[in-house]
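Single-structure report; data block below.
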Amino acid sequence: MTPRSPATHPRRPNSRPPGGRASVATTPVAETGTPTPLQQLGGEVTDNHKTMAPASTPLTFGGRSTSLTRRHLLSGITAACAASLVGCSETTEGNEPRARAGAQEGLRYGSVAIGVMPIVDCAPLHLAVRDGFFRAEGLEVSTETIVGGTAGIPRLEDDLDITFGNYVSFIQAQDTGRDLRIVSDGYQATGGTIALMVARGTTMRSPADLKGRTVAVNVRHNVAHLATVSLLSTHRVDEDEVSFVELPFPDMADALEKGRVDAAVMVDPFITSAQRALEAEQLGDATSGPTENLPIAGYASTTSWAKGNPGTVAAFTRAMKRAQQACADPAVVTAILPTYTEIDKRTASFVNVGAFPASTNPIRIQRVADLMLRFGVLSRRFDVTVMFG
């Protein structure tokens, strides 16, 4: 893999130390500040932390009753950081350097830094790290936690080679001047992938009741926000009739419980945690109707990096395809979730698992761009094929 020129891709000092293993990153990198370790472990991440339920809450699912502590149910998510070995010498085909012998014996392409999120969507990536799919392709992968695609994209010019992100963010970035290459598909919606959640006992009965209300989204104008706008439109509610506020996913349950928001747009594992800890209720499924089977997210690099490292990209894509295929079994996903999040195995078993496409199809992803145009996120039609090699 061709080393980056400091003029075009400066690395932060010590972001990937030469030799040995990379240090474990335990703090998610947020766009507007860095959460404390305590903030990663509970219902509050960026605002005031409060205990969000009694220490133990009896809950019943599928006829089974259990008692789980708040700490287990609403724990925040922390990244699992893979080991990273660096150091390159002799070149192979093209300009991609062969990893040094010794510690990296057999690693043809060396180290790749990838931005990930602590959500179900990234299960295949973590499976590929754990089970050696990347190493089998000659790659050593290190992961860094990001809060969303909008946070990962700028870091492709700095300390990330590839980032996970939702397709709305990737398409917006491309449309406004970034030059991105989609290198792997990631996640596709099934029923309940994105849910509009409300507190227990609410008087609201449908999304139509959200007129004049406040709704939390993790980032405005991303895929979750767009799917929610689509859901609202089917209930004759315009986007400007609802007040959207940005909150990180781990912060939403606390905001619901305290009445700071009337509803929250969530994904798993946060949906399941809120249901089990707060008995939160689903007001609407944002991945149904026009958004059924909607492509949600994937992995992208800059086009220049992809062109300079074609072997690395191909190796990454092959490893991800293998992992995506393995995650077609929901049991594989629920088993690995507790290894890169802090939800327990019991809670993980209730998580809704979407689909993990084994190949990337521009025709499917065009649906996202067309939906963005329909709801005014884009001002003109966008052809997603420009983001594929």
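Please treat every number below as a calculation from the coordinates, not as lab data. Just so you know, these numbers come straight off a predicted model, no measurement behind them. Cβ placement follows ideal geometry from the backbone for every residue including glycine, while neighbour counts extend to all protein chains displayed.
With a/c under 1.5 counting as rounded, go ahead and sort the stretch 194-291 into rounded, prolate or oblate using the C-alpha gyration tensor (a ≥ b ≥ c being the square roots of the eigenvalues; past the cut-off, prolate if a/b is larger than b/c, else oblate).
It comes out rounded by the Cα gyration axes.
If you take every residue apart from residue 329 with its C-beta less than 14 Å away from the C-beta of residue 329, what net charge results, scoring Lys and Arg +1 and Asp and Glu -1?
In short, 0.
Can you tell me what share of the DSSP beta bridges in the stretch 194-291 is antiparallel? A percent to the nearest 5 is fine.
Bridges in the stretch 194-291 are about 55 percent antiparallel.
For the pair residue 363/residue 136, report the inter-label distance in nm, with labels modelled 7 Å from Cα in the Cβ direction.
3.0
Determine the dipole magnitude for the stretch 194-291: charges of +1 sit on the beta-carbon of Lys and Arg, -1 on that of Asp and Glu, nothing else is charged, the reference point is the Cα centre, and the result goes in debye to the nearest 20.
Dipole size: approximately 140 debye.
Considering only Cα-Cα distances, which of the following residue pairs are longer than 31 Å: 211/258; 321/345; 258/321?
258/321
Residue 158 to residue 279: extension gain in nm, 0.36 nm per residue of separation minus the Cα-Cα distance?
So the chain would gain 39.4 nm between residue 158 and residue 279.
Using a Förster radius of 25 Å, what is the FRET efficiency between residue 213 and residue 375 based on their Cβ-Cβ separation? Nearest 0.05, please.
The computed FRET efficiency comes out at 0.85.
Of 137, 157, 292, how do they rank once you tally other Cβ atoms within 10 Å and put the fewest first?
With the sparsest Cβ surroundings first, the list reads 292, 157, 137.
Subtract the Cα-Cα distance of residue 307 and residue 293 from 0.36 nm times their separation in residues, and report this length gain in nm to one decimal.
Extra length from residue 307 to residue 293 when fully extended: 2.0 nm.
Residues with amide H under 5 Å of residue 143's amide H, sequence separation 5 or more or different chain, H placed in the peptide plane at 1.01 Å from N; which?
When sequence neighbours closer than 5 places are left aside, the close amide H contacts are 82, 114.
Listing 288, 359, 111 from the residue with the fewest other Cβ atoms within 10 Å to the one with the most, what is the order?
Sorted ascending by nearby Cβ count, the order is 359, 288, 111.
Sorting 375, 133, 382, 270 on the 10 Å Cβ count, fewest up front, what's the list?
So the residues, fewest neighbours to most, are 375, 382, 133, 270.
For residue 180, what residues show an amide H to amide H distance below 5 Å, using hydrogens built from the backbone and excluding near sequence neighbours?
303
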